[in-house]
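Have a look at the structure below, then the notes.
The values are calculated or read from the model by the stated rules, or taken from the named source; none is laboratory data. Just so it is clear, the model here is predicted, and its values are computed rather than measured. Because the Cβ atoms are built from the backbone with ideal geometry, glycine has one as well, and the counts that use them run over all protein chains shown.
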Amino acid sequence: MKPSSFEWDEIKNKLNQKKHNISFEDAQYAFLDSNRIIAKDSEHSESEERFYCFGKIAEKIVTVRFTYRNKKIRIIGSGYWRKGKQIYEKENKI
């Protein structure tokens, strides 16, 4: 994984860490999970396409909201959300 493949707003990163106990630096590792699930997020933006990545990091399933900007993955939010865990487990038949 190339660090230059990802970007985020540092203020949002700090807020996300306080609220959801995961940094965007750590959240990017969800994309390395070979069983990750990528799904379209049609609820959160009308101005750009957004997506979810459901992936496992250190035995925990994390949900990462992201978009593509300037050929980079821009992380918008992340957390350990129950619905993301359910989707991951269902799709991977866990």
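Summary of values
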| quantity | calculated |
| --- | --- |
| Among residues of the range 56-67, those that are over 14 Å from Glu25 (Cα atoms) and in contact (Cβ under 8 Å) with a residue 12 or more places away in the chain, counted | 4 |
| Matching option when the condition is surrounded by fewer than 21 Cβ atoms within 10 Å (Cβ to Cβ) and under 13 Å from the mean Cα position of the chain (by Cα), among Ser23, Ser42, Ser78, Ser34 | Ser23 |
| Where a residue in the range 1-25 is of a type in the set (Ser, Thr, Tyr) and its partner, wherever it lies, is modelled with pLDDT of 95 or more and in a helix (DSSP H, G or I), with Cβ under 9 Å and at least six apart | Ser5/Gln28; Ser5/Phe31; Ser23/Asn13; Ser23/Lys14; Ser23/Asn16; Ser23/Gln17 |
| Qualifying residues in the range 55-71 (those that are hydrophobic (A, V, I, L, M, F, W, C) and in a strand (DSSP E or B)) - the one farthest from Arg82 (Cα to Cα) | Phe66 |
| When residues of the range 24-51 are limited to those that are among the charged types (D, E, K, R) and modelled with pLDDT of 90 or more, the one nearest to Glu10 (Cα to Cα) | Glu25 |
| Check on Tyr52, without any contact (Cβ under 8 Å) to a residue 60 or more places away in the chain, surrounded by fewer than 19 Cβ atoms within 10 Å (Cβ to Cβ) and part of a strand (DSSP E or B) | no |
